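This report concerns only the one structure given below.
The values are calculated or read from the model by the stated rules, or taken from the named source; none is laboratory data. This one's a predicted model, so the numbers in the text were calculated from it and none came from an experiment. Positions of Cβ are generated from backbone atoms using ideal geometry, with glycine treated the same way; all protein chains shown enter the neighbour counts.
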Number of protein chains: 2
Amino acid sequence: MQAVLDYLKQNQKRFLAEFFEYLRFPSVSAQSKHNKDLVACAQWLANHCQQIGLEAKIHGTAGHPILVAKTPRVKSKTKRPHFMVYGHYDVQPPEPLDLWKTPPFEPRIDGRNLFARGSTDNKGQNFAHLKAVEAYLKTGTPLPCDLTFVIEGEEEVGSKSLSGFLTRHRAELACDAVIISDTGMPSPKHPALTYALRGIIAFEITLRGPARDLHSGIFGGAVENPAMALARLLAKVHDADGRITIPGFYDGIEPLSKLERAQAARYPLKDADLNKLLGTPKLFGERDFTATEQRSARPTFEINGLTSGYQGEGSKTIVPSWARAKITCRLVPHQSPAKIRKTVLAYLKKICPPTVKLEINAGHGAEAYLVSPTGPQAQAALRALKKAFNAEPILMREGGSIPIVNEFKKILGADSLLLGLGLPDDNAHSPNEKFNLDCFENGQRMSAYLWQELK
Amino acid sequence: MQAVLDYLKQNQKRFLAEFFEYLRFPSVSAQSKHNKDLVACAQWLANHCQQIGLEAKIHGTAGHPILVAKTPRVKSKTKRPHFMVYGHYDVQPPEPLDLWKTPPFEPRIDGRNLFARGSTDNKGQNFAHLKAVEAYLKTGTPLPCDLTFVIEGEEEVGSKSLSGFLTRHRAELACDAVIISDTGMPSPKHPALTYALRGIIAFEITLRGPARDLHSGIFGGAVENPAMALARLLAKVHDADGRITIPGFYDGIEPLSKLERAQAARYPLKDADLNKLLGTPKLFGERDFTATEQRSARPTFEINGLTSGYQGEGSKTIVPSWARAKITCRLVPHQSPAKIRKTVLAYLKKICPPTVKLEINAGHGAEAYLVSPTGPQAQAALRALKKAFNAEPILMREGGSIPIVNEFKKILGADSLLLGLGLPDDNAHSPNEKFNLDCFENGQRMSAYLWQELK
């Protein structure tokens with residue numbers, strides 16, 4: 001094992017050069033103009049996996065390709081444990097570009113931070129696992145288990161191709177657990193095991209009024225303004241206490257237990273720190289919950305984008321023909337995405353006035369995830385975290401969604417161990433995304449220890 | 001006079017070729033990238049005026065240039081009447097471009113309609129007046145009055161340079177009335193004199209929340225969503241009856257008289273026709289007023305544009321850093337733009353929650369206009385309309401704003417005669433703007449008759 005740790009220590013400089021190559025691909029899965037960049041990124045990753053001693057194969061899908069890489073299988077009289085490491089090479093759109101200090105796909109190191117789109121979400125985190133297995137393979141250290149890496153290219157757009165892929169390769173991918181580093185840890189000194197995730201539904205609503213933009217002088221006053229109708233519609237979704245007013249929205253959600261609230265209270269980033277970190281004039285959320293609870297254990301109705309009428313320089317005196325809102329709801333355990341989607345859309349249809357036409361464009365959805373942190377695999381993960389980071393790990397919920405965690409459970413029957421390496425100030429999904437290099441290095445060590453602890 | 005009418009009849013084909021040249025300039029005053037196109041358009045217009053026998057001069061301003069063109073002054077023992085013809089060569093932005101059937105600056109004729117940005121608003125209407133004076137000058141028919149054309153390039157952005165210009169040239173521009181064709185007529189068979197206009201205030205509000213776009217999974221629930229805050233703010237401006245709820249907004253407005261409501265009822269475009277024309281699911285406006293009244297005699301609070309977060313393809317799971325609304329209020333006589341701006345902004349500041357920062361970007365403003373239609377000049381204009389169109393003209397209010405009408409009154413002491421040639425389906429400010437060629441020809445005849453009737 002010492003050989004593995006020494007190898008990791010000695011090769012960090014080269015690892016960074018390779019990581020830079022990985023980050024330079026603008027693998028933006030939501031934008032079709034980048035389709036070729038995703039293919040190129042997957043190909044680079046496959047070549048890299050082969051160079052470090054894995055057997056790699058790219059699988060085409062209806063969307064972006066999936067990379068599968070395996071450790072050389074060891075013959076054994078007893079059944080060897082088999083773990084899957086999951087990650088994604090696709091990234092969020094980099095827009096708005098003018099807010100980046102340096103270009104999103106030209107990685108830059110400043111102190112112990114590496115800035116680039118995809119650095120923390122998720123290239124850096126899956127690359128840490130690859131470097132750990134490289135250390136085993138290149139030092140000839142026997143792995144106590146078989147490993148399969150599955151790194152996909154559609155995580156940021158709902159992992160549309162993955163569940164079909166898992167189903168088709170169910171036998172080959174059957175495993176004892178799935179290891180995922182795509183969540184966060186509260187600080188470099190607080191490694192964490194995440195025991196719950198929020199789910200999501202995404203959709204877009206468009207209100208259509210007049211057949212074209214109208215002169216606001218000639219016609220304004222006698223027609224519904226679709227942008228105003230949209231504002232009124234959206235305003236009816238929340239009350240002043242930050243609660244969502246859609247009937248049935250909270251049905252079936254279990255209240256947080258005392259233990260859970262105590263764990264949430266251990267979270268080191270306090271409300272004042274959070275406010276400062278985010279630069280908000282004042283925090284705001286559902287009454288009677290702490291900020292940590294609001295953003296990890298409570299559902300939301302969030303506007304991701306608004307579009308209507310004229311957005312250019314100066315003014316344009318029109319009544320816009322239409323107005324659009326992109327919306328995502330974060331869901332918590334015991335909320336069914338299909339049911340909530342139906343509930344939300346039925347409510348919006350009900351309150352939409354007859355003066356505009358409501359169009360709905362449904363997007364992706366995923367269930368929330370909840371697993372007990374007391375099982376043997378979780379305990380093994382906590383030990384690996386403690387050794388790698390030299391600190392007591394904490395148990396936490398996370399507010400993000402990893403839709404395929406539920407698919408792994410359903411299709412492969414495997415629980416997921418969520419061992420996130422991202423920090424709260426990493427700007428995931430934002431301009432100036434970064435990854436902390438201590439998290440990168442300790443993440444490699446955590447991965448190396450993990451296979452020993454899990455065996 | 002018959003020579004003038006014959007000249008107009010015989011030269012329509014050439015007039016159209018010249019009109020096409022005028023329309024090909026993308027003279028979009030709101031977009032600085034078009035600054036050179038405005039200069040080129042003014043230069044073309046000056047050359048054209050000189051060709052038809054006017055003395056033309058271009059006056060530079062801090063913004064876009066102003067063209068002044070005069071008929072050769074006739075020596076006379078008695079003071080000859082002097083009228084100003086006002087128009088503008090700047091146009092609204094053509095966006096959204098994809099909704100144009102043919103490019104906005106490549107004029108196209110289909111039947112009796114000419115399609116191009118600026119065709120009805122306002123190039124076609126001021127060009128009709130130029131063609132009428134050309135007929136007088138080229139046929140050697142004596143004009144019974146002196147004329148001065150003032151055609152500016154900033155009407156669509158608030159005519160910022162014009163009032164200073166009028167003040168500086170007050171003596172030269174002193175006149176008996178200003179003739180303006182920049183309003184509308186209800187149908188080709190309903191010529192109209194407009195006796196009132198609405199005023200306007202324009203502004204932009206931006207709500208700023210977190211310092212950057214945030215991952216909606218990691219942070220959503222604990223921060224105010226600026227787009228949602230904007231929706232709530234805007235929703236508090238209207239009630240379900242279409243009335244604006246800002247305290248003091250309607251203060252001082254005089255109720256419509258019986259005569260005015262009777263005139264409004266004469267307007268030939270009925271509510272059902274209007275609904276069909278605009279393609280709206282259902283008309284909507286302030287309760288207890290007809291659509292004609294709502295859009296000409298009542299004030300509005302209109303969203304012209306909404307911008308927030310991600311607007312591209314697919315979804316992006318963020319809490320946007322900010323949200324913006326472009327707003328214009330149409331005002332009616334006895335509402336002061338300055339006072340209403342103060343009232344509206346004070347209300348928005350008051351209801352803005354402490355969780356976001358409200359930024360206000362003030363735009364242009366203009367007072368409403370109201371003049372009695374029973375004076376001798378108005379009667380002369382009605383006679384000219386009747387002769388040119390061979391139909392009984394109607395008296396109407398219009399909902400649009402011509403900010404400089406009040407400046408003409410204040411600076412030059414002159415009333416304005418509003419003799420609009422635009423039709424309700426002309427798509428002013430919209431894609432596929434057009435101008436009706438019957439209105440163009442009858443407009444030329446109206447202008448020719450007008451100088452006889454006004455003398």
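Taken over the stretch A:370-418, the criterion of being assigned to a loop (DSSP other than H, G, I, E, B) and among the aliphatic types (A, V, I, L, M) is satisfied by A:Val371, A:Ala391, A:Ile402, A:Ala414. Only one entry of B:Gly312, B:Gly375 meets the criterion of being under 25 Å from the mean Cα position of the chain (by Cα) and either without any contact (Cβ under 8 Å) to a residue 12 or more places away in the chain or surrounded by fewer than 19 Cβ atoms within 10 Å (Cβ to Cβ) (or both), and that entry is B:Gly375.
The combined condition, being touching a residue at least 24 places away in the same chain (Cβ under 8 Å) and not assigned by TED's automatic domain parsing to the domain that holds A:Leu437, is not fulfilled by A:Arg170.
Within the stretch B:216-228, is even one residue more than 8 Å from chain A (Cβ to nearest Cβ) and either buried (at least 22 other Cβ atoms within 10 Å of the Cβ) or free of Cβ contacts under 8 Å to residues at least 40 places away in the same chain (or both)? Yes: one or more hits. Residues considered: B:Arg243, B:Arg212. Of these, the only one that is touching a residue at least 12 places away in the same chain (Cβ under 8 Å) and touching an Asp or Glu at 6+ places or on another chain (Cβ under 7 Å) is B:Arg243.
For the stretch A:90-128, a residue qualifies if it is basic (Lys, Arg) and touching a residue at least 12 places away in the same chain (Cβ under 8 Å), and the qualifying residues are A:Lys101, A:Arg112, A:Arg117, A:Lys123.
Of all residues in the stretch B:73-98, those being at pLDDT below 95 and within 11 Å of chain A (Cβ to nearest Cβ) number 2.
When restricted to residues that are surrounded by fewer than 21 Cβ atoms within 10 Å (Cβ to Cβ) and part of a strand (DSSP E or B), the stretch B:419-438 contains 0. Is it the case that some residue within the stretch B:114-134 is surrounded by fewer than 22 Cβ atoms within 10 Å (Cβ to Cβ) and either over 18 Å from B:Gln51 (Cα atoms) or of a type outside the set (A, V, I, L, M) (or both)? Checking the stretch B:114-134: not a single residue is surrounded by fewer than 22 Cβ atoms within 10 Å (Cβ to Cβ) and either over 18 Å from B:Gln51 (Cα atoms) or of a type outside the set (A, V, I, L, M) (or both).
For the stretch A:115-142, taking the residues that are more than 14 Å from A:Glu21 (Cβ to Cβ) and basic (Lys, Arg), the one that is nearest to the chain's Cα centre (by Cα) is identified as A:Arg117. Annotation: of all residues in the stretch B:201-215 being assigned to a strand (DSSP E or B) and facing another protein chain (nearest Cβ under 7 Å), the one that is farthest from B:Cys352 (Cα to Cα) is B:His215. Mind checking whether some residue in the stretch A:326-333 is assigned to a loop (DSSP other than H, G, I, E, B) and in contact (Cβ under 8 Å) with a residue 24 or more places away in the chain? Yes, the stretch A:326-333 has at least one match.
Taking (1) farther than 17 Å from A:Ile246 by Cα; (2) at the interface with chain B (Cβ under 10 Å from one of its Cβ atoms) in turn, A:Pro353 satisfies each apart from (1). Note on the stretch A:135-153: residues that are surrounded by fewer than 24 Cβ atoms within 10 Å (Cβ to Cβ), at negative phi and either of a type outside the set (A, V, I, L, M) or free of Cβ contacts under 8 Å to residues at least 12 places away in the same chain (or both) amount to 10.
Applying the condition of being in a helix (DSSP H, G or I) and under 21 Å from the mean Cα position of the chain (by Cα) to the stretch B:260-280 and asking which residue is farthest from the other protein chains (Cβ to nearest Cβ) yields B:Ala264.
This table checks each residue for (1) more than 30 Å from A:Ala414 (Cβ to Cβ); (2) assigned by TED's automatic domain parsing to the domain that holds A:Pro393; (3) at pLDDT 95 or above.
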site	(1), (2), (3)
A:Pro188	no, yes, no
A:Leu230	yes, no, yes
A:Ile246	yes, no, yes
A:Ala264	no, no, no
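Exactly one residue out of A:Gly158, A:Gly184 is within 12 Å of chain B (Cβ to nearest Cβ), on the phi > 0 side of the Ramachandran plot and touching a residue at least 24 places away in the same chain (Cβ under 8 Å): that is A:Gly158.
Across the stretch A:19-28, not a single residue is classified as farther than 21 Å from A:Leu143 by Cα, assigned to a loop (DSSP other than H, G, I, E, B), of a type in the set (Gly, Ala, Ser) and in contact with a Gly (Cβ under 6 Å, 6 or more places away or on another chain). Scanning the stretch A:90-125 for residues that are in contact with a helix residue (DSSP H, G or I) (Cβ under 8 Å, 6 or more places away or on another chain) and among the hydrophobic types (A, V, I, L, M, F, W, C) yields A:Val91, A:Phe105, A:Ile109, A:Leu114, A:Ala116. The combined condition, being within 25 Å of B:Ala414 (Cα to Cα), within 22 Å of the chain's Cα centre (by Cα), in the same structural domain as B:Ala381 (by TED's automatic domain parsing) and of a type in the set (Phe, Trp, Tyr), is fulfilled by B:Tyr89.
Inside the stretch A:281-321, residues that are in contact with a helix residue (DSSP H, G or I) (Cβ under 8 Å, 6 or more places away or on another chain), facing chain B (nearest Cβ under 7 Å), of a type in the set (Gly, Ala, Ser) and assigned to a loop (DSSP other than H, G, I, E, B) make up a count of 3.
Check the stretch B:15-33 and report whether any residue there is loosely packed, with under 13 Cβ neighbours inside 10 Å, out of contact with any His (no Cβ under 7 Å at 6 or more places or on another chain) and within 14 Å of another protein chain (Cβ to nearest Cβ). Scanning the stretch B:15-33 turns up at least one residue that is loosely packed, with under 13 Cβ neighbours inside 10 Å, out of contact with any His (no Cβ under 7 Å at 6 or more places or on another chain) and within 14 Å of another protein chain (Cβ to nearest Cβ). Restricted to the stretch B:49-160, the set of strands (runs of 3 or more DSSP E) holding at least 2 residues that are charged (D, E, K, R) comprises B:55-59, B:108-110, B:146-152. Considering (1) within 14 Å of chain B (Cβ to nearest Cβ); (2) touching a Lys or Arg at 6+ places or on another chain (Cβ under 7 Å); (3) not charged (D, E, K, R), say which one A:Met396 fails and leave the rest. Checking A:Met396 against (1) within 14 Å of chain B (Cβ to nearest Cβ); (2) touching a Lys or Arg at 6+ places or on another chain (Cβ under 7 Å); (3) not charged (D, E, K, R), the one that fails is (2).
For the condition more than 8 Å from every other protein chain (Cβ to nearest Cβ), in a loop (DSSP other than H, G, I, E, B), over 30 Å from B:Thr292 (Cβ atoms) and aromatic (Phe, Trp, Tyr), A:Phe249 qualifies. Can you work out which of the residues in the stretch B:335-369 that are hydroxyl-bearing (Ser, Thr, Tyr) and outside any helix (DSSP H, G or I) is surrounded by the fewest Cβ atoms within 10 Å (Cβ to Cβ)? So, considering only residues that are hydroxyl-bearing (Ser, Thr, Tyr) and outside any helix (DSSP H, G or I), the one surrounded by the fewest Cβ atoms within 10 Å (Cβ to Cβ) is B:Ser336. Which residues, counting only those in the stretch B:177-186, are at pLDDT below 95 and either basic (Lys, Arg) or part of a loop (DSSP other than H, G, I, E, B) (or both)? Of everything in the stretch B:177-186, those that are at pLDDT below 95 and either basic (Lys, Arg) or part of a loop (DSSP other than H, G, I, E, B) (or both) turn out to be B:Asp182, B:Thr183, B:Met185, B:Pro186.
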